[in-house]
Amino acid sequence: MARLIYSSVLLTLYLSLQAFLGSNAQLTDFLSIDCGATNPYNDVQLGLKWETDDNYIKTGVTKRMKEAQDFPKQLYSYRSFPSRSNKNCYIMPVITHTTYLLRVRLFPGVVGEKYSVALPVDFNVTFVSNLFFTYSALTDKDRVDVIYESVFHSFQREEISLCLLQGSKGTPFINSIELRGLPDTSYHVTRDVGDAKVLVLGERLNMGTKPGDNSFFRYPDDEFDRFWWSTPRTRFPFNRVDGSSMIGDLFFKFYEPNTNRIGENWPPNRTYIDAWVGPEFSFELPRKREDTNKIYTAFYFKDVRPDSQANFSNYSFVEWITVTVGDVSDNIWLCCLRDENWGVFEDVQLYDRFIHVNVSHKNDSSIESIVLNGFEYYYKYDFDISSTYSRDIRAVGDLLVSFQLEDFQGDPCFPVSWDWLTCDLDASRIQKLKLSHMNISGPIPENISSLVELTEIYLDNNNLEGPIPYSLTSLTKLRIL
């Protein structure tokens, strides 16, 4: 049975805990990286500051396409990696014990633009040792803006790596990277010590958007800068209710942006303005990933109908609805229907190529019509924290300095090794140094002997000088030097 969490926002609870939460609800640790920009700039429309990526990566080349008005500025610049290295890694700072949203955007440019990315191209992108996504653009029909989002918890980490791995076609590239700190209460399945999960976004939907609206909204409407996509009637043929007339009433006064709200995942106020309304909602979403059968889902409810439509005289203090997702069905308790309510299914099993969702009123409930404001689901993975043995990391780090190879960033062995290393991934140890033809110079460092699992060392065709260190005789597994 999936673990179900449900609650509501009560006015008295809000007032009593507002002071306690304080600034914790107002996280400002935003990092916005334009991966091809030559100078930092401010996005006046969004109120975001964009940095160049110079401080986060040491490889690759930047390109800039001719700008148009169809896309944001950061999509017209990118960094590409034509060197054919196994991986090229960004290193970004994070705050320990913090939940983050990570977003990457890719846009290969339009047809005919001189500096557009050449197609076909495919490659993988990882963070820490986890596969984030596989990008594939094969024809000009694939020249679209693609957005990937993930939620993770930093635990004791002070930095994370995001790596582009060399694929079978074309040159890897990236337009922008964004890190957004999230409140401690949100997406807590990522925080379970010993069983931490990584969530990769499937869809995040703002229900009840106006007909013909195919857009999305983000910061500042969502203070944590999540993207909320519209739900056009061509795809979701449900009746909608417009709650904008309620703004300014007591109904919305405590949920305006930048106030200290209490909620499981803290959906933004704008999500609650519009909604679907009806006795039942049944829809299905296409499954986008096949590498996991587990998803995490969250539903958000608030009755935004005017009193004349809602007929609140028929409502008791507590109501129940039944929600079914995939193989899981359970009842969600709705308290005080003018308040925020949510239901979270943490562990839904998928069995086919669709995600089936049904929301209906419980048989003994007096609710005649359900109001659904928002929905999001994520593919769920174990958080792979594999890393190279710490002693090996220190030793190979000294080699980077000695041989001036500091352009290599990220973990030496995970998720794939640097080009000139061979690793035993099961043991997390370095087994081979393959430094032939690397144009390195100077003496051979003594601390190579700290790599005690080495079986082969290749240093030929370089400009090395001095004797072979006697300390290498301690490498009992070394067979080739």
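Taken together, the values in this text are just the output of simple stated rules run on the coordinates, not laboratory data. Model, not experiment: these values are computed from the prediction. Methodologically, a virtual Cβ is constructed for each residue, glycine included, from the backbone with ideal geometry; neighbour enumeration extends over all protein chains shown.
Residue 242 to residue 384: FRET efficiency via 1/(1 + (r/R0)^6), r the Cβ-Cβ distance, R0 51 Å, to the nearest 0.05?
According to the calculation, E is roughly 0.70.
One decimal place: the segment residue 86-residue 426 gains 120.5 nm when fully extended, by the rule 0.36 nm per residue minus the C-alpha distance. Helix 11-21 and the longest principal axis of the C-alpha atoms of the chain enclose an angle of approximately 20°. Work through the residues other than residue 214 whose Cβ is under 12 Å from its Cβ and net out their charges, Lys, Arg +1 and Asp, Glu -1. Spelling it out: positives minus negatives among the neighbours equals +2. Mean separation of Cα pairs under 8 Å and 6 or more residues apart, divided by the residue count, gives segment 28-182 a relative contact order of 33 percent. In segment 339-447, the inverse of the mean reciprocal separation of distinct Cα atoms equals 19.3 Å; this is its Kirkwood hydrodynamic radius.
Each of 361, 153, 356, 437 was scored by other Cβ atoms within 10 Å of its Cβ. Listed from fewest to most, they are 437, 356, 361, 153. Around residue 150, with a cut-off of 15 angstrom between Cβ atoms, what is the net charge of the other residues, counting Lys and Arg +1 and Asp and Glu -1? Taking every Cβ under 15 Å from that of residue 150, the sum is +4. Distance between the modelled labels on residue 147 and residue 280, one decimal in nanometres: 3.3 nm (7 Å Cα→Cβ projection).
Determine, for 152, 345, the number of other Cβ atoms within 10 Å of each Cβ, and report the residues in order from fewest to most.
With the fewest neighbours first, 152, 345 line up as 345, 152.
Calculated mean residue ellipticity at 222 nm for the chain: -2000 deg cm²/dmol, from DSSP H runs with n ≥ 4 weighted as -39500 (n - 2.57), summed, divided by the residue count and rounded to 500. Looking at the chain, identify the longest residue range that excludes and avoids all GluC sites (Glu not before Pro) in DSSP loops having at most 14 other Cβ atoms within 10 Å. The reported range is 159-289. Here is the list for segment 405-481: trypsin sites (Lys or Arg not before Pro) lying in DSSP coil, each with at most 13 other C-beta atoms within 10 angstrom of its C-beta, are 477, 479.
Reported to the nearest whole Å, the Cα centre-to-centre distance from segment 160-234 to segment 83-115 is 14.
Contact order for the chain, expressed relative to its length and based on alpha carbon pairs under 8 Å spaced 6+ residues apart, stands at 16 percent. Computed over neighbours whose Cβ is under 11 Å from that of residue 356, the net charge equals -1, Lys and Arg +1, Asp and Glu -1. The distance between label points at residue 290 and residue 46 comes to 3.3 nm (points 7 Å beyond Cα on the Cα→Cβ vector). The calculated P(r) of the chain, using every Cα pair and 10 Å bins from 0, goes 4, 18, 25, 23, 15, 9, 4, 2, 0, 0 in percent. Taking the number of Cβ atoms within 10 Å of each Cβ as an exposure proxy, the fewest-first ranking of 396, 44, 328 is 44, 328, 396.
Placing unit charges on each Cβ (+1 for Lys and Arg, -1 for Asp and Glu) gives segment 390-474 a dipole about its Cα centre, and among 410, 449, 421 the Cα reaching farthest toward its positive end belongs to 449. Among the listed pairs 63/141; 58/114; 66/197, those whose Cα-Cα separation exceeds 31 Å are 66/197. Label positions at residue 73 and residue 358, each projected 7 Å from the Cα along the C-beta direction, are separated by 5.1 nm. Here's the list of lysines a cross-link from residue 362 could span, going by alpha-carbon distance under 22 Å and ignoring same-chain residues fewer than 8 apart: 302.
Around the amide H of residue 203, modelled in the peptide plane, lie the amide H atoms of 377, all under 5 Å away and 5 or more residues distant in sequence or on another chain.
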